[in-house]
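Read through the structure below, which is laid out as structure tokens, and then see the notes.
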Amino acid sequence: MKKTKTILSSTLLLLTPLIAVHANWTTGMTAAGTFQLPNASVYDIVDNFLLWILMLFTILSVLAFVVAGVMFLMAGTSTDNTERAKNMIKYSIIGIVVGLSGYIIISLIDGILLGNIY
């Protein structure tokens, strides 16, 4: 369990700079000594944040699916481990569906509000 937490936290730590790149943020100090703020509107920042959360949620669900598959293969004749792996597979599939449908719903609402739906 500790190993899984370490892997997940290090993966999240490595993906954190991508959030700033995706939001088109310029960071650092200007010549006058003031900090630069994001060039994006609040709507764009919130939209990017929600998309990143959904993407992270979906990636973790796929990772859980892979781990559950390995658990199922390694369970052997233990019915307790087999049931645990089956439940993990079921919930990770639900997580993938929720993550992808969340992205679709946010994109649909975004298109409706901006008038980009054809």
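Among the residues making up segment 100-118, those that are of a type in the set (A, V, I, L, M) and either touching a Phe, Trp or Tyr at 6+ places or on another chain (Cβ under 8 Å) or assigned to a helix (DSSP H, G or I) (or both) are L100, I104, I105, I106, L108, I109, I112, L113, L114. Of all the criteria given as (1) over 19 Å from the mean Cα position of the chain (by Cα); (2) at pLDDT 75 or above, the one not satisfied by D44 is (1).
Of the residues F49, F65, only one is exposed (fewer than 14 other Cβ atoms within 10 Å of the Cβ), modelled with pLDDT of 70 or more and of a type in the set (F, W, Y); which? Among F49, F65, only F49 is exposed (fewer than 14 other Cβ atoms within 10 Å of the Cβ), modelled with pLDDT of 70 or more and of a type in the set (F, W, Y). Filtered by the rule that a residue be among the aliphatic types (A, V, I, L, M), over 16 Å from T4 (Cα atoms) and outside any loop (DSSP other than H, G, I, E, B), segment 62-99 gives L73, M74, I89, I93, I94, I96, V97, V98.
Entry remark, segment 68-118: residues being surrounded by 11 or more Cβ atoms within 10 Å (Cβ to Cβ), without any contact (Cβ under 8 Å) to a residue 24 or more places away in the chain and of a type in the set (G, A, S) number 7 in total.
The values are calculated or read from the model by the stated rules, or taken from the named source; none is laboratory data. No experiment lies behind these values; they were computed from the predicted model shown. Quick reminder, even Gly has a Cβ in these numbers, built from the backbone with ideal geometry, and neighbours come from all protein chains shown.
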